[in-house]
Structure formats: C-alpha cells, structure tokens
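The values are calculated or read from the model by the stated rules, or taken from the named source; none is laboratory data. Since the model is a prediction, treat every value here as computed from it, not as a measurement. Quick reminder, even Gly has a Cβ in these numbers, built from the backbone with ideal geometry, and neighbours come from all protein chains shown.
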Ligand SMILES: Cc1cc2nc3c(=O)[nH]c(=O)nc-3n(C[C@H](O)[C@H](O)[C@H](O)COP(=O)(O)OP(=O)(O)OC[C@H]3O[C@@H](n4cnc5c(N)ncnc54)[C@H](O)[C@@H]3O)c2cc1C
C-alpha cells in the first residue's frame, strides 16, 4: 500500500514498480456489484510484489547498514534471560523480537497477555495470467474474501482469508466462478497458508526486550497493513532505542494499531453480515468520492475523527436507508 511504501523508504528501501506491479486503488466486488476507489495520493501507486523480492531488498539494506545476519544459527533463550546463538553466549544491549505471529521471544519475555479480536486462516497462490486490472480486487464470497494483487506483468497473487480453517483457496474460488474463470488454470506455485489475527498485547516491552511487527500485535490480513505496521514500528523502535526510552515505544506502539484494527473491525463486520456487506458496498458504489475518502483514512491521509465529523451522518443514513443511495449493479472498467 502507498503508506507502507512510504515507511519502507524511510528505512532506506525504495521499491519500484518493476519489482512487481503497480496498482492504483482498491476495488470491492460482491455479488455482481462493484465499487472502486483510487488512492488519494495522486500518482503514488501501491506495489504488489513477491515476498522473496521484498526480503531480498531488506537483506541488502540491512547488510549495507552493517547488520551481521546469522542465517541458520540456532538461538536458545534461557530462563535467566541469557541468550545463546549457535551455542555461544551472546551479550546484548537490546533484544528485539521480530519473529512473527507465534513469537517465541514474546513467550520467553512474558509478554503473551493480550486480547485476540479475530482469528482467520489465509492462503495464497500465484497464477500465470496478465493482470486484468490495475486495482487490487477484493472479492467477497460467502465464506470469506479472495483478493487479487497484480505482482508482475504476467502474474497475479490470489490470497483468500476465511474464518473456517477448512476453507482453502479452491473452496473460496468455487464460490466466485467469475474470478475463477479469469484466473485460468496455470498456477505458478502450490498453496501456502498462515493464521491471521487482530490482536493487541497488554505490553510490548519488558526491560531491554521489545517486540515489533506481527510479534507485537496485528490487524487482519484483509487490511493490507501488516507490513506497513512492522515498518512503522521498526522506525519508532529505532528512535526510542536511540533515546534510551522503551517506555515511549510502548505508548506510541499502541497508537500504530488503532486505525488498522478499527478498519479490520469494519471489514470483519462486512464478512459476518451479508446485509451489512451489501449495504456498505451499495453505498460505496453509489458514492465513489466517499470510498476514495475512506481509503484516504485507511492510509492515514485523513484522520478518522475528521472523516466521521464530515461524513458520519451520511454514512449512517446510507447504511440504514440503502434506498436513499443509488445502490445498483455497476460495471466499471479499469
Ligand atoms: C494470507 C495473508 C496475506 C497477507 N497479505 C498481506 C498484504 O497484502 N500486505 C501486507 O502488508 N500484509 C499482508 N499480510 C500480513 C503480513 O504477512 C504480516 O503482517 C507480515 O508478514 C508480518 O511481518 P513480520 O516480519 O512481523 O512477521 P513474519 O513475516 O511472520 O516474519 C517473522 C520471521 O521470523 C522467523 N522466525 C520465527 N520464529 C523463528 C525462530 N524461532 N528462529 C528463527 N526465525 C524465526 C520466521 O521464519 C519469519 O521469517 C498477509 C498475511 C496473510 C496470512
């Protein structure tokens, strides 16, 4: 997403559309209806790319900054907070747990306490097909969502997210025949999956140990904000370490999750309630400017308070009396 790219550039990694494929907005598709919003930041696109490509850029940047990467080394975390790397004791000034959703560092540092607002199962697969749109398309099915991201000139990535762990990519695509038809049959890899949660921890810091990224809390994958959150937190953590103030990191970290988790709540309500979904999509389809503005809120370009003050009543009206908005089937090309 454009906001994630902005944070990433502050970390010294400047992705280009040739790293994958650029996209200029988001499209929701539900039951034959669709709504589009372009990114408000004129001319600044999002970039869809393979995770390995991003990883390679991050590794090169870390090495250029002088980071010593110890691939394949076993890390032992001892009860007395000592750490062994490949059998040798490792002294540390600060220890950062950036080890994902099931963080071992989090457990070890006693930072597990928190609340999980949602828990869903995500799968992804790449298909050899020319992207038919320069929007990321979110297709809403009965069991969950399938979202399509262009990741190259002849490649798209399809990710599905569902509450039922048994709902795999092929099950969700079977609910979306129009999408299945566009994808064709040439899958470039096998399906891979992971848990995605909306989760908040009571604390993300313990002494000189701090958590970052999914290890420190998360918003459901449908928000597309997971990576951006990690980049934002990494920048903030670096500043707080520099000023020797992890208490500040703890305070500021909570703020990073607020907006993505609010957006996750709305999207999950759309997931659970077909009526709300149809009304919300009808409203966004009939008022593209509203969708664009909402996307701006999602990307942090406008505060949610300002949006609610300006548009809250219209949104409530449009949701309660859908007939007042001209919700209809739209056929919008890209
Ligand atoms: C289906 C799906 C689609 C998604 N789509 C998007 C999207 O489009 N955009 C977006 O921004 N986000 C998306 N996300 C969310 C995004 O993937 C995560 O938010 C992001 O990967 C979190 O990054 P992280 O570095 O904190 O954790 P991770 O990416 O999980 O990385 C943690 C790393 O730590 C390593 N590790 C863990 N334990 C150990 C150990 N004991 N020893 C050594 N290494 C260890 C792991 O191997 C891994 O490399 C999606 C998630 C899912 C499930």
Members of segment 196-213 found to be more than 15 Å from residue 264 (Cα to Cα) and within 8 Å of the ligand (Cβ to nearest atom), listed by number = 212, 213
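Quick check on segment 159-169. Is at least one of its residues closer than 13 Å to residue 126 by Cα and either touching a helix residue (DSSP H, G or I) at 6+ places or on another chain (Cβ under 9 Å) or surrounded by fewer than 18 Cβ atoms within 10 Å (Cβ to Cβ) (or both)?
yes
Conditions (1) within 16 Å of the ligand (Cβ to nearest atom); (2) touching a residue at least 12 places away in the same chain (Cβ under 8 Å); (3) closer than 15 Å to residue 298 by Cβ; (4) touching a helix residue (DSSP H, G or I) at 6+ places or on another chain (Cβ under 9 Å), marked per residue:
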residue: 4; (1), (2), (3), (4): yes, yes, yes, yes
residue: 7; (1), (2), (3), (4): yes, yes, yes, yes
residue: 15; (1), (2), (3), (4): yes, yes, no, yes
residue: 22; (1), (2), (3), (4): yes, yes, no, no
residue: 28; (1), (2), (3), (4): yes, yes, yes, yes
residue: 35; (1), (2), (3), (4): no, yes, yes, yes
residue: 47; (1), (2), (3), (4): yes, yes, no, yes
residue: 52; (1), (2), (3), (4): yes, no, no, no
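Being surrounded by fewer than 19 Cβ atoms within 10 Å (Cβ to Cβ) and either more than 18 Å from the chain's Cα centre (by Cα) or closer than 30 Å to residue 287 by Cβ (or both) is the filter here; which residues of segment 39-56 pass it?
Within segment 39-56, 40, 41, 42, 43, 44, 45, 56 qualify.
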Select, from 237, 229, the only residue that is more than 9 Å from the ligand (Cβ to nearest atom) and either within 25 Å of residue 118 (Cα to Cα) or crowded, with 18+ Cβ neighbours inside 10 Å (or both).
-> 237
So which strands (runs of 3 or more DSSP E) are wholly in segment 16-59 and hold at least 1 residues that are farther than 20 Å from residue 266 by Cα?
-> 21-23, 46-48
Can you name the condition, by its number, that residue 84 falls short on among (1) over 19 Å from residue 228 (Cβ atoms); (2) at pLDDT below 95?
-> (2)
Conditions (1) within 12 Å of the ligand (Cβ to nearest atom); (2) not assigned by TED's automatic domain parsing to the domain that holds residue 215 -> residue 73 fails only (2)
Options 202, 232, 185, 251: the member that is more than 28 Å from residue 29 (Cβ to Cβ) and without any contact (Cβ under 8 Å) to a residue 60 or more places away in the chain = 251
Would you mind stating whether residue 275 is modelled with pLDDT under 95 and outside the structural domain of residue 137 (by TED's automatic domain parsing)?
-> yes
Tell me, which residue of segment 74-103 that is in a strand (DSSP E or B) and in contact (Cβ under 8 Å) with a residue 40 or more places away in the chain is surrounded by the most Cβ atoms within 10 Å (Cβ to Cβ)?
-> 97
